[in-house]
1. Scan region 1-34 for residues that are under 17 Å from D66 (Cβ atoms), aliphatic (A, V, I, L, M) and open to solvent by less than 20 Å² (accessible area, probe 1.4 Å) and report the count.
2. Tell me, yes or no, whether region 76-89 has at least one residue that is modelled with pLDDT under 80, within 25 Å of L52 (Cβ to Cβ), of a type in the set (D, E, K, R) and open to solvent by 70 Å² or more (accessible area, probe 1.4 Å).
3. Does Y54 satisfy the criteria of being open to solvent by less than 80 Å² (accessible area, probe 1.4 Å), of a type in the set (F, W, Y) and at pLDDT 90 or above?
4. List pairs: first residue in region 29-44 and over 16 Å from V57 (Cα atoms), second residue not in a helix (DSSP H, G or I) anywhere in the structure, Cβ distance under 6 angstrom, at least six positions apart or on different chains.
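The values are calculated or read from the model by the stated rules, or taken from the named source; none is laboratory data. Predicted, not measured: the structure shown is a model, and the values here were computed from it. Please note: Cβ atoms are built from the backbone with ideal geometry, for glycine as well, and neighbour counts cover all protein chains shown. Just the protein is used for accessible areas: all its heavy atoms, side chains included, with ligands, DNA and RNA removed. Shrake-Rupley method; radii C 1.70, N 1.55, O 1.52, S 1.80 Å.
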Amino acid sequence: MTKEEAIEIINQKIQITAPERQLTSEIWKFLIEKLVIDILDYCHRQDFPEALIYTCVELILKRLSDAELATPDESGTVNLPLSEIKMDDTSFKFDTNFAVKTTASDNVGLLSDSDFETIKPRLNLYRKVVSR
């Protein structure tokens, strides 16, 4: 399928599956186009493999969710991972400084890059060999 067809199909699937609160911005359309172009570039292809449609949908939904979690709520707090566990007289404290740095809204792109790395084994099935 063509790049435009892939973008349209992924767009339709996102609209069906994403919660309404995540569809309030047009950013997800940009993310879809970027992901399709990145996949075509990585795989050295002009046609988009149909089997990767749902992979893209899952990755876009994860990206939207990551961005939503990184956005402060009305009180200005951000959802962070567990920072402390306490039971009776024993407590464990965890360093959340790294989590604050990586979940900040300006760093969500870094998380998406690492997400792209996770699908590379699947992309390699459709990657064409290029000789220069």
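1. Summing the residues that are under 17 Å from D66 (Cβ atoms), aliphatic (A, V, I, L, M) and open to solvent by less than 20 Å² (accessible area, probe 1.4 Å) in region 1-34 gives 4.
2. Narrowing region 76-89 to residues modelled with pLDDT under 80: 76-85.
From the residues that got through so far, the ones that are within 25 Å of L52 (Cβ to Cβ) too are none.
For region 76-89, residues modelled with pLDDT under 80, within 25 Å of L52 (Cβ to Cβ), of a type in the set (D, E, K, R) and open to solvent by 70 Å² or more (accessible area, probe 1.4 Å): absent.
3. Values: open to solvent by less than 80 Å² (accessible area, probe 1.4 Å): no; of a type in the set (F, W, Y): yes; at pLDDT 90 or above: yes.
It is false that Y54 is open to solvent by less than 80 Å² (accessible area, probe 1.4 Å), of a type in the set (F, W, Y) and at pLDDT 90 or above.
4. The qualifying pairs are C43/Y126; C43/R127; H44/K128; H44/V130.
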